[in-house]
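Taking it in order: structure first as structure tokens, then the write-up.
The values are calculated or read from the model by the stated rules, or taken from the named source; none is laboratory data. All values derive from a computational prediction rather than experimental measurement. In this analysis, Cβ positions are derived from the backbone assuming ideal geometry, glycine residues included, and neighbour counts consider all displayed protein chains. For accessibility, only protein heavy atoms count, side chains too; no ligands or nucleic acids. Shrake-Rupley method; radii C 1.70, N 1.55, O 1.52, S 1.80 Å.
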Amino acid sequence: QVSAALREGRVTPTELCQRCLSLLKSTKFLNAYITVAEETALKQAEESEERYRRGQPLGVLDGIPVAVKDNFNTAGIETTCASNMLKGYISPYNATVVQKLLDQGAVLLGKTNLDEFAMGSGSTDGVFGPVRNPWSYSRQYKEKSVPESHSEDEESNWVITGGSSGGSAAAVSSFTCFAALGSDTGGSTRNPAAHCGVVGLKPTYGLISRHGLIPLVNSMDVPGILTRCVDDAAVVLGSLAGHDPKDSTTIQDNFEPFELPSLTNVSKLSIGIPKEYHAPGLSSEILSLWSKAAELFKNAGARVIEVSLPHTCYSIVCYHVLCTAEVASNMARFDGLEYGHRSDMNKSTESMYAATRREGFNDVVRGRILSGNYFLLKQNYENYFIKAQKVRRLIANDFVKVFESGVDILLTPTTLTDAVPYVEFIKEDNRTRSAQDDILTQAANMAGLPAINVPAALSERGLPLGLQFIGRSFQERQLLSVAKWFEKQVKFPMIQLEEVKRHDHDVFQHQKSSFS
């Protein structure tokens, strides 16, 4: 819609960019952005305006304001990974996905907040402070949440965004941009999408280039897409997918962008409900929503069957071993010699290394490096790392068997509960929280499958609840078509943010504010 408004001249890219920037300033308290690139954004908007004036826009994304998680390299704009280790680091090149967005004429507003080096599930552990969920300030939440005492101020009542791409999810949810990039290693795009009431897509491993995404776990990392509706996610995917000579893990074939068909008939579909996803800690609200969604497909004529993914229960332990092992390897590059923080300690090279890493990394990152190096010790390698790789294969094979049995799409919850208040969330350590919160999402990363979070309803507390669809490898079109059908049925309500009310409603009035 916004793209059509730009083409028809009802709004100019500069006006759109300025509106997003002023909205960004008025929602600064959310802490969704680490860096706002106001000057470059306005310059890009002017260039886009010139193209529209000549009647030669570069595509649907031309002039559309977007945001990028701060673990993607951006030339000329600081890339920090929310860590002291990279404070002040400016990359000499753009990540492939960032370059592709810019080549399509998108306007880059800034870099969004995250857990340090994307390690976490709350977007609370970055050096720039936690991200606040825009729904904490929505009318829906405020009407339902009654402070326990009059003295309990609104300050302590706000809820987390989920993580680690919480900044990107909050940016899309609060209308400051129309699409944002996240990264997804164990659910880091889908988890915050569920908590912030937006669409979060993790594509098939290898469909989108990882070049320029600062790695966490190379064998599982995938750039994720956050938008306000499924159609928009398909448009962004079409712009980003395809082979990249700079990333040897990308597919060799050319990717053909597709327009999503409007499914009217789901009777030919087979929807699998994995019984193992009825996990400990799953709230009764989400369980009931999951059942209702299955019922919705059943009533529409789809075949809904219970399936089993027997190795799911081992996936968290397996993920922990593989994740920390790859983290230990990836973090070795931050030694204070080539880029990033460097300690003043100059007794010896070794002491400089040690001091740099002690000062640059937080406890969470150091803890994962320590665990990973332990698993990779000569005497432990066979027992931990190799064994975890074998279990990973079994987990991937579970999915293969289910899909070979005729199931088209798996329907599961995305998170165990709705977003928890920050004061509750920080009572447990990062490791415990991540293990709990990744349980429903990370198996898709282990198997490299595409998965999407679709906002489905509001909880009793007035907060978003999402459901996850998992598809077959490289079958994004089918996955997104089913997600779009579901999205249309559930009619998820629009966030009622007081801050948005004060802004010109021209562009933001439509529930989804989509650009496709």
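Answer with yes or no whether residue 280 is outside any helix (DSSP H, G or I), without any contact (Cβ under 8 Å) to a residue 12 or more places away in the chain and open to solvent by 40 Å² or more (accessible area, probe 1.4 Å). Considered against the rule, which asks whether it is outside any helix (DSSP H, G or I), without any contact (Cβ under 8 Å) to a residue 12 or more places away in the chain and open to solvent by 40 Å² or more (accessible area, probe 1.4 Å), residue 280 comes out as yes.
Here is the figure for the range 1-45: residues that are acidic (Asp, Glu) and more than 29 Å from residue 116 (Cβ to Cβ) total 2.
Scan the range 25-69 for residues that are farther than 16 Å from residue 2 by Cβ and β-branched (Val, Ile, Thr) and jot them down. Break it down stepwise before answering.
Our first condition is that a residue be farther than 16 Å from residue 2 by Cβ; within the range 25-69, this holds for 25-40, 42-43, 46-47, 50, 53-56, 68-69.
Result: 27, 34, 35, 36, 40, 68.
Checked against (1) more than 19 Å from residue 103 (Cα to Cα); (2) buried (at least 22 other Cβ atoms within 10 Å of the Cβ); (3) not aliphatic (A, V, I, L, M), residue 31 passes all but a single condition, namely (2).
Take the conditions outside any helix (DSSP H, G or I), open to solvent by less than 50 Å² (accessible area, probe 1.4 Å) and of a type in the set (Gly, Ala, Ser) and apply them to residue 272. Does it pass? Let's see the steps before the verdict.
Numbers: outside any helix (DSSP H, G or I): yes; open to solvent by less than 50 Å² (accessible area, probe 1.4 Å): yes; of a type in the set (Gly, Ala, Ser): yes.
For residue 272, the condition - outside any helix (DSSP H, G or I), open to solvent by less than 50 Å² (accessible area, probe 1.4 Å) and of a type in the set (Gly, Ala, Ser) - is met.
Going through the range 421-433 one residue at a time, which ones are touching a strand residue (DSSP E or B) at 6+ places or on another chain (Cβ under 8 Å) and either in a loop (DSSP other than H, G, I, E, B) or of a type outside the set (A, V, I, L, M, F, W, C) (or both)?
Once the filter is applied, which keeps residues that are touching a strand residue (DSSP E or B) at 6+ places or on another chain (Cβ under 8 Å) and either in a loop (DSSP other than H, G, I, E, B) or of a type outside the set (A, V, I, L, M, F, W, C) (or both), the range 421-433 yields 421, 422.
For the range 311-341, how many residues are open to solvent by less than 70 Å² (accessible area, probe 1.4 Å), in a helix (DSSP H, G or I) and not β-branched (Val, Ile, Thr)?
The first filter runs over the range 311-341 and keeps only residues open to solvent by less than 70 Å² (accessible area, probe 1.4 Å), leaving 311-312, 315-316, 318-328, 330-332, 334-336, 340-341.
Remaining after also requiring in a helix (DSSP H, G or I): 311-312, 315-316, 318-328, 330-332.
Filter once more, so that each one left must be not β-branched (Val, Ile, Thr): 311, 315, 318-320, 322-323, 325-326, 328, 330-332.
Counting residues in the range 311-341 that are open to solvent by less than 70 Å² (accessible area, probe 1.4 Å), in a helix (DSSP H, G or I) and not β-branched (Val, Ile, Thr) gives 13.
Mind checking whether some residue in the range 153-165 is among the aromatic types (Phe, Trp, Tyr), open to solvent by less than 10 Å² (accessible area, probe 1.4 Å) and either at pLDDT 95 or above or more than 26 Å from residue 88 (Cβ to Cβ) (or both)? Before you say what the answer is, go through the steps one by one.
If we filter the range 153-165 for residues that are among the aromatic types (Phe, Trp, Tyr), which is where we start, we get 158.
Then keep just the ones that are open to solvent by less than 10 Å² (accessible area, probe 1.4 Å); that gives none.
No, every residue in the range 153-165 fails to be among the aromatic types (Phe, Trp, Tyr), open to solvent by less than 10 Å² (accessible area, probe 1.4 Å) and either at pLDDT 95 or above or more than 26 Å from residue 88 (Cβ to Cβ) (or both).
Among the residues of the range 235-269, those that are over 30 Å from residue 324 (Cα atoms), open to solvent by less than 40 Å² (accessible area, probe 1.4 Å) and in contact with a Ser or Thr (Cβ under 7 Å, 6 or more places away or on another chain) comprise 235, 236, 260. Within the range 420-435, being among the hydrophobic types (A, V, I, L, M, F, W, C), modelled with pLDDT of 90 or more and out of contact with any Gly (no Cβ under 6 Å at 6 or more places or on another chain) holds for 420, 423, 426.
Scanning the range 457-494 for residues that are in a helix (DSSP H, G or I) and among the hydrophobic types (A, V, I, L, M, F, W, C), we see that the one that is surrounded by the fewest Cβ atoms within 10 Å (Cβ to Cβ) is 490.
Residues that are among the hydrophobic types (A, V, I, L, M, F, W, C) and either open to solvent by 20 Å² or more (accessible area, probe 1.4 Å) or within 20 Å of residue 316 (Cα to Cα) (or both), at least 3 per element: which helices (runs of 4 or more DSSP H) completely within the range 344-417 meet that?
Numbers: elements: 349-360, 363-375, 387-404.
Per the criteria, 363-375, 387-404.
Just the residues that are crowded, with 22+ Cβ neighbours inside 10 Å and in a helix (DSSP H, G or I), please, taken from the range 434-456.
434, 437, 442, 443, 444, 445, 446, 447
List the number of the failed condition for residue 424; all other conditions in (1) surrounded by fewer than 24 Cβ atoms within 10 Å (Cβ to Cβ); (2) closer than 17 Å to residue 283 by Cβ; (3) in contact with a helix residue (DSSP H, G or I) (Cβ under 7 Å, 6 or more places away or on another chain) hold. Going through the list (1) surrounded by fewer than 24 Cβ atoms within 10 Å (Cβ to Cβ); (2) closer than 17 Å to residue 283 by Cβ; (3) in contact with a helix residue (DSSP H, G or I) (Cβ under 7 Å, 6 or more places away or on another chain), residue 424 breaks only (3).
Residues of the range 64-87 that are touching a strand residue (DSSP E or B) at 6+ places or on another chain (Cβ under 7 Å) and free of Cβ contacts under 8 Å to residues at least 60 places away in the same chain: 74, 76, 77, 78, 80, 82. Cβ-Cβ distances below 9 Å connect no pair with a first residue in the range 221-232 that is under 10 Å from residue 97 (Cβ atoms) and open to solvent by 10 Å² or more (accessible area, probe 1.4 Å), a second residue that is of a type in the set (A, V, I, L, M) and at pLDDT 95 or above, and a separation of six or more residues or different chains.
Taking the criterion of being among the hydroxyl-bearing types (Ser, Thr, Tyr) and either over 28 Å from residue 13 (Cβ atoms) or open to solvent by less than 60 Å² (accessible area, probe 1.4 Å) (or both), the residues of the range 80-106 that qualify are 80, 83, 89, 91, 96. Within the range 49-79, the set of residues being in a loop (DSSP other than H, G, I, E, B), open to solvent by less than 10 Å² (accessible area, probe 1.4 Å) and among the aliphatic types (A, V, I, L, M) comprises 61, 64.
All told, residue 142 meets the bar of being open to solvent by 20 Å² or more (accessible area, probe 1.4 Å) and either under 25 Å from residue 494 (Cβ atoms) or in a loop (DSSP other than H, G, I, E, B) (or both). For the range 189-215, a residue qualifies if it is touching a strand residue (DSSP E or B) at 6+ places or on another chain (Cβ under 9 Å), open to solvent by 10 Å² or more (accessible area, probe 1.4 Å) and in a loop (DSSP other than H, G, I, E, B), and the qualifying residues are 197, 205, 210, 214.
Filter the range 118-139 for residues that are touching a Phe, Trp or Tyr at 6+ places or on another chain (Cβ under 8 Å) and open to solvent by less than 30 Å² (accessible area, probe 1.4 Å) and give the result. The answer is 122, 124, 133, 135, 136, 137.
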